[in-house]
Amino acid sequence: MSGADWIKPALIGIDGARATAFPAPVGALLDEAGDDDALARYARGAAAMAACRLAAVDVAPSAAEPPPAAPADPRMLGEGEPLAPALRAIFRGDSERLHHEACRRLAELGRALPAGALASALDAGQRRARLRPALLPVLGERGLWLARLNPDWRYADRGASAASEPADPFAEAERIWQEGSFEQRQALFAQWRAADPARARELLQAQLGELPAKERAAFVAEFDTGLSAGDEPLLAGLLKDRGREVRRFAAALLARLPQSAHALRLRAWLAPRVTQERALLVKRWVIDAPQAADPEWASAAIDTVRPQNDALGERAWWLYQLVRQVPLSWWREHTGMDAPALLAWAAKSDWKEALYRGWLERIHRDDGDWAAAMLDAPGRAFHGHHAGLLGLLPPAQRVRHWPSSFELLCRSGRFDEVVGACAPGEWLPLEYSRLIGAGLEQSGETLRQDWSLRQNAQSLLEVLHPQALRGWRAPARGPDDTSALADCLAGLERTADARRLLHA
């Protein structure tokens, strides 16, 4: 029985007539215990094996030679250096923001993680794929060596070696592309799209037929970087892909190429629906949803059958699918109205829900004017999407949309809009950070009474600009504080200390 075979009975059922075989030391101990209950015996054996795995104890060592020791790495942070304890504490925790911040800071310093933080950091990378591009460059040689010893950390193998400048980077990149994990290949493909989009396209095209739908969709999404007319033939072919997400990504990208056949078809379908009519002496724009499905839509990633649980009616469903593909710039060019005017016009239309939903899905990082208009829309029409819309604006422009004081922030409860607008690794602008930091420092009584603030205080502290943390102290503890509040205050102090050390 191999090391993992003892897991199988847990999936198919424990056979009371035949005891599950565990590796010798564990099996012998179970036999000595003399437990006749098969389920109890299996549970004890599984618990012992899990503990051994956590402790990296191999109860059935192979006769193979042990692996060579990790190579020396001059970049690795020593355990005695001031930053090492902070990094160990950060990676023992589960804050994705702090993980990103620590990786970015180490990369800026040209250093690699200390040995004591590597296991936790590799676990964090296993849990969160989007941390890996930041984590791999700071694992260092020891992190790579460690990753090779644990199948759960295989995602880091070779990716870290690519980050440590191999002797032949082209051969190493080719090796990762042919043999690496999906995450490594995706990260490599993103780099290629940024550096040489045409070459990246050719490499993907050569392997596209061998990839599962999930991977095809992920690679196609990377075409957002370096998108050009040269991508049209490949993307047009993907409009007939078996994967719905692949078709959707390909259609959205083609719609951004103004001269592509797909974009021209979309405009030809939509333009007759958005027309002008005369009312007395005034001309006004009107919109009408399609009366019937067009058989040609099937070739443009448009579903003619409305999902049963969708809130839109059938005609609105068709209109929404057209709207979500057409770039927002088309509406301005076609009607002459700017984003605020178009939103006001749509609000008076019978097709408001289809238009708002389609525009929200279509908005791109180049559509800052639309994001600002949606944030300013009367009645907070896009209330549930403010964090994402704010993320499309430059940091300095976000401040205008946030509560102007810490008290207003607490009263409104708009923590998600402030914190959620900052991607992992981003901070609030310095002046706004000072405003929020000062309020948080003086919030002792509010923290005792406001459960919402207590839930969000840690996240707020993590997005403050590092300069705003100089001299910052958590609110003082009181003699009657509950253990939950004491834990909250201690956590704030630890986070502030760790971040100050990172940026010392």
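Quick notes
- Count - residues of the stretch 195-213 that are part of a helix (DSSP H, G or I) and either in contact (Cβ under 8 Å) with a residue 24 or more places away in the chain or buried (at least 17 other Cβ atoms within 10 Å of the Cβ) (or both): 9
- Filtered residues of the stretch 173-185 (kept if part of a helix (DSSP H, G or I) and either open to solvent by 50 Å² or more (accessible area, probe 1.4 Å) or in contact with a Lys or Arg (Cβ under 8 Å, 6 or more places away or on another chain) (or both)): Glu174, Arg175, Ile176, Trp177, Gln178, Glu179, Glu183, Gln184
- Taking the criterion of being open to solvent by less than 30 Å² (accessible area, probe 1.4 Å) and among the acidic types (Asp, Glu), no residue of the stretch 39-60 qualifies.
- Flag: Leu131 matches the condition of being open to solvent by less than 20 Å² (accessible area, probe 1.4 Å) and in contact with an Asp or Glu (Cβ under 7 Å, 6 or more places away or on another chain).
- Taken over the stretch 265-311, the criterion of being closer than 21 Å to Leu254 by Cα and not in a helix (DSSP H, G or I) is satisfied by Asp294, Ala301, Ile302, Asp303, Thr304.
Here's the yes/no breakdown for (1) closer than 26 Å to Leu83 by Cβ; (2) in a helix (DSSP H, G or I); (3) β-branched (Val, Ile, Thr):
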residue: Glu417; (1), (2), (3): no, yes, no
residue: Pro424; (1), (2), (3): yes, no, no
residue: Ile436; (1), (2), (3): yes, yes, yes
residue: Ala476; (1), (2), (3): no, no, no
residue: Leu489; (1), (2), (3): yes, yes, no
residue: Asp497; (1), (2), (3): yes, yes, no
residue: Leu501; (1), (2), (3): yes, yes, no
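- Scanning the stretch 322-334 for residues that are out of contact with any helix residue (DSSP H, G or I) (no Cβ under 6 Å at 6 or more places or on another chain) and either basic (Lys, Arg) or open to solvent by less than 20 Å² (accessible area, probe 1.4 Å) (or both) yields a single hit, Arg332.
- Members of the stretch 307-325 that are over 18 Å from Asp350 (Cα atoms) and in contact (Cβ under 8 Å) with a residue 12 or more places away in the chain: Gln325
- Scan of the stretch 226-257 for residues that are touching a residue at least 40 places away in the same chain (Cβ under 8 Å) and more than 21 Å from the chain's Cα centre (by Cα), ordered by number: Leu239, Lys240, Arg247, Ala251, Ala255, Arg256
- Within the stretch 37-61, residues that are farther than 16 Å from Asn150 by Cα reach partners that are modelled with pLDDT of 80 or more and assigned to a helix (DSSP H, G or I) with beta carbons closer than 7 Å, at six or more positions or on different chains, in the pairs Arg41/Leu30; Arg44/Leu30; Gly45/Val26; Gly45/Leu30; Ala48/Val26.
- A single entry from Ala316, Ala354, Ala377 fulfils the requirement of being farther than 21 Å from Ala252 by Cα and of a type outside the set (Val, Ile, Thr): Ala377.
- Taking the criterion of being of a type outside the set (Lys, Arg), without any contact (Cβ under 8 Å) to a residue 40 or more places away in the chain and either crowded, with 17+ Cβ neighbours inside 10 Å or outside any helix (DSSP H, G or I) (or both), the residues of the stretch 445-459 that qualify are Thr446, Ala457.
- Taken over the stretch 351-382, the criterion of being over 30 Å from Phe223 (Cβ atoms) and without any contact (Cβ under 8 Å) to a residue 24 or more places away in the chain is satisfied by Lys352, Gly379, Arg380.
- Inclusion of Ala124 among residues that are part of a helix (DSSP H, G or I), at pLDDT 85 or above and open to solvent by less than 20 Å² (accessible area, probe 1.4 Å) is warranted.
- Any hit, the stretch 312-321, residues being part of a helix (DSSP H, G or I) and either among the basic types (Lys, Arg) or surrounded by fewer than 21 Cβ atoms within 10 Å (Cβ to Cβ) (or both): yes
- Residues of the stretch 373-393 satisfying the condition of being open to solvent by 20 Å² or more (accessible area, probe 1.4 Å), hydrophobic (A, V, I, L, M, F, W, C) and either closer than 27 Å to Ala289 by Cα or in contact with a Phe, Trp or Tyr (Cβ under 6 Å, 6 or more places away or on another chain) (or both): Ala381
- Test set (1) part of a helix (DSSP H, G or I); (2) touching a residue at least 24 places away in the same chain (Cβ under 8 Å) - Glu333 fails condition number: (2)
The values are calculated or read from the model by the stated rules, or taken from the named source; none is laboratory data. All values reported here derive from a predicted model rather than from experimental measurement. Heads up, the Cβs are rebuilt from the backbone with ideal geometry, glycines too, and the neighbour counts pull from every protein chain shown. When the accessible area is computed, the model is the full protein with side chains, heavy atoms only, and any ligands, DNA or RNA have been set aside. Shrake-Rupley method; radii C 1.70, N 1.55, O 1.52, S 1.80 Å.
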